[in-house]
Amino acid sequence: MEFSVEAATILGKLIGAGLAMIGAIGAGAGIGIVTSGAVQAMGRNPDAAGNIQTNMILGIAFAEAVAIYCLVVALLILFVVG
Amino acid sequence: MEALGLNLPFLLVQIVNLLIVYTVVAKWVVGPVGKMLEQRRETIAQGMEDARVAGEARANAEEEAAKIKAEAQAEASQIVSDATERARSAGAEVKSAAEAEAATAKDKALAGIEAERNQMLGDLRGQVAALAIAGAQKLVGEALDEKKQHALLNDFFAGVKDGSVIVLADADLSGDSAEVTSALPLTDAEQVTVKKDVLAKSGAEAVSFLVDPSILGGLVIKVGDKVMDGSVAGKLEGLRANMR
Amino acid sequence: MSEQKPKNKVWARWVVLGAILLGAFLFTGFFGIGLNIKPIMPEVFLPGEVLSDKPLFGIEGFFMTNTFVGMIGADIAVFLIALGVYRGVKSGKMALSGVSGAVEALLEALQNMTEGTAGKWTKVIFPWFATITLLVLSANWLGLLPGVETIGLIHEGHGEYAVRDLGSIGGMKIQTIWDESGEEAHMEEASTDAHAEETHAEEDAHHAGASVVPFFRPVSTDLNFTFALALVAVVMVQVVGFRALGWSYLTKFWNTKHFFDKPIFGFIDFGVGLLELVSELSKVLSFAFRLFGNLFAGAVLIFVMGSLVPFFVPAMFYMLELFVGMIQAIVFGMLTMTFMAQATQSHGDHDEAHA
């Protein structure tokens, strides 16, 4: 296979998309921390489980938003750019 | 944007579609289900309320029953105690009535016995006097004036001479009540005499008469804490003491 | 009953074992008796694939796509649920049975959640929560039906697999695509649940390669759908906020309350207000891409797992997708509900905490 601009572009796109998704690490760790805290809180105070659950899902959503931005960037790189 | 598949007409179609679905869901699902949930909640609350009311009613009934029972018990015990009390008082009444009756009967009997005895003793006294006179006539050999003899004997028995009590001739007496004991019952005249004399001498208010054959004759008069022994027995005792 | 239960278990066990053996027979050359069909990896398209070249309703750039069919399918599912629930409630029963009973239980749980968070605004907020949850749930779960994303039009001249005729029904040719890159492999369209799938085709040209454009694709894997949901949800959050607080709702974004009397904190508050405006926009983005990303990734995951291990293993991922589909539906609805509930609350306390 010889070198061509198209092949290099595709290569760059794929590598870039993969690198973009590294940001999901933070979201994963964040979701884990949020859930761990929420589960501990529920274990200590089961009566407040409903309220904690709502706030937990809210926190997970915010943490997940970071991963979603990564996904958006990856999709843009793969399908839109160039 | 085209590469991501976003295009305005489809987006608008989706929005319109979502609004249609919202209308359908809000009208046909959320409304009826919400109403049903509300109804069910109300039914459950109603059931709970009913159960609570029923429970309260039952508790009230139980309380009422307990109260009625307690009242009945109190009444019953009241009746029983009343009956017992009445029975007791009736018994006591009967008993006291019987006792009183018995006492009166006894008193009456005693009085009858006393009267009979006095009567007998009175009769006896006449006979004794007659026998004594007859015996004395035989011994002395001389006939005494019968009237005089009687007076002597009377003096002997009654301890009364010339209308005054011998024992009290020179006694100093004082007291509230006097008690006069004689061997044989005194006649009414004698009693009056003795009473008058005793009262005058002692200042006592009342005089009672007793009969005691063991003193043989004369009178024993007790006023207050003083005893004047004018009895024949006392005299004989004194004589015997002197002769010894 | 106690005798029935173990019997059922035994029955289910034999079915599972039979399915595994069938899968092994179809897809491996194990013991030399298998058909050894080689699994294929279908092409992944981000936008909805176009089913016909003619624009729909004569609108420029608006084509009949397979996600549009998916949308109609989800709508029909929601309408059927609504009909069932409506008729069930109208019949006057205290509790519904069947699917509508399950929907009722779900709605009751959601309503309790809403009441706990939104309080007196439940009546305004809950219909949105219920609508979004039901619609997204139907859209997600419809994508798990067999035949979805596997039955479609043969798209000639675009792809890497050969076309084979299987026969015809009523003048319509039934074809399938095969992976002939191996030796004598007979390959069908990748089927994730070990079923042989047929492909209807209307064209019979013999080109170098072909691919399948499925008739039906879950609408959640189309960004138009998720963006529409996100836009409507965020707009309705603002509407609910206005209804609750009136014009003072706008002070959340343009906060000049303490701008002059407390210069430093006032300025910070003003900056926070502007950030709130940005966060409303980012809500649209995160809403849309969360649902799209989860569902699209789920579909790709099932493709990939199906092409790697065509039997038994995809069943596990089907279970995962069942779970993810429900969780994403509830999360979308619950986030909308929570944002709405937050919008109804005055920001006065917030200011005092700063001051």
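The values are calculated or read from the model by the stated rules, or taken from the named source; none is laboratory data. Just so it is clear, the structure is predicted and the values come from calculations on it, not from any experiment. Cβ atoms come from the backbone with ideal geometry, glycine included; neighbour counts cover every protein chain shown. Heads up: the accessible areas ignore ligands, DNA and RNA and are worked out on the full protein's heavy atoms, side chains in. Shrake-Rupley method; radii C 1.70, N 1.55, O 1.52, S 1.80 Å.
Within this structure, C:LEU134 fails the test of being within 11 Å of chain B (Cβ to nearest Cβ), of a type outside the set (Val, Ile, Thr) and open to solvent by 30 Å² or more (accessible area, probe 1.4 Å).
Only one of the numbered conditions (1) of a type in the set (Gly, Ala, Ser); (2) at the interface with chain B (Cβ under 10 Å from one of its Cβ atoms); (3) open to solvent by less than 30 Å² (accessible area, probe 1.4 Å) is violated by C:GLY70, and that is (2).
Might you let me know whether the stretch B:66-73 holds any residue that is part of a helix (DSSP H, G or I), surrounded by 10 or more Cβ atoms within 10 Å (Cβ to Cβ) and either among the hydroxyl-bearing types (Ser, Thr, Tyr) or within 14 Å of another protein chain (Cβ to nearest Cβ) (or both)? The answer is no, given that none of the residues of the stretch B:66-73 is part of a helix (DSSP H, G or I), surrounded by 10 or more Cβ atoms within 10 Å (Cβ to Cβ) and either among the hydroxyl-bearing types (Ser, Thr, Tyr) or within 14 Å of another protein chain (Cβ to nearest Cβ) (or both).
Among residues of the stretch B:11-23 that are touching a residue at least 60 places away in the same chain (Cβ under 8 Å) and at the interface with chain C (Cβ under 8 Å from one of its Cβ atoms), none has a Cβ under 8 angstrom from a residue that is crowded, with 19+ Cβ neighbours inside 10 Å and not in a helix (DSSP H, G or I) at a sequence gap of 6+ or on a separate chain. The set of residues from the stretch A:28-49 being within 11 Å of chain C (Cβ to nearest Cβ) and either touching a His at 6+ places or on another chain (Cβ under 9 Å) or surrounded by 13 or more Cβ atoms within 10 Å (Cβ to Cβ) (or both) comprises just one member, A:ALA49. Annotation for the stretch C:76-84: no member residue is surrounded by fewer than 18 Cβ atoms within 10 Å (Cβ to Cβ), outside any helix (DSSP H, G or I) and at the interface with chain B (Cβ under 7 Å from one of its Cβ atoms). When you look at C:LEU21, is it modelled with pLDDT of 70 or more and open to solvent by 70 Å² or more (accessible area, probe 1.4 Å), yes or no? Against the criterion (modelled with pLDDT of 70 or more and open to solvent by 70 Å² or more (accessible area, probe 1.4 Å)), C:LEU21 qualifies. Tell me which residues, restricted to the stretch A:50-70, are modelled with pLDDT of 85 or more and either facing another protein chain (nearest Cβ under 7 Å) or open to solvent by less than 30 Å² (accessible area, probe 1.4 Å) (or both). Once the filter is applied, which keeps residues that are modelled with pLDDT of 85 or more and either facing another protein chain (nearest Cβ under 7 Å) or open to solvent by less than 30 Å² (accessible area, probe 1.4 Å) (or both), the stretch A:50-70 yields A:GLY59, A:ALA63, A:ALA67, A:CYS70.
Reported count of residues in the stretch C:216-230, each being at the interface with chain B (Cβ under 7 Å from one of its Cβ atoms), in contact (Cβ under 8 Å) with a residue 40 or more places away in the chain and assigned to a helix (DSSP H, G or I), is 5.
Flag not set for C:LEU285, criterion: surrounded by 15 or more Cβ atoms within 10 Å (Cβ to Cβ), more than 20 Å from C:PHE339 (Cα to Cα) and free of Cβ contacts under 8 Å to residues at least 60 places away in the same chain.
Can you find even one residue in the stretch B:200-209 that is at pLDDT below 75, crowded, with 16+ Cβ neighbours inside 10 Å and either in a strand (DSSP E or B) or among the polar types (S, T, N, Q) (or both)? Yes, there is a match, as at least one residue in the stretch B:200-209 is at pLDDT below 75, crowded, with 16+ Cβ neighbours inside 10 Å and either in a strand (DSSP E or B) or among the polar types (S, T, N, Q) (or both).
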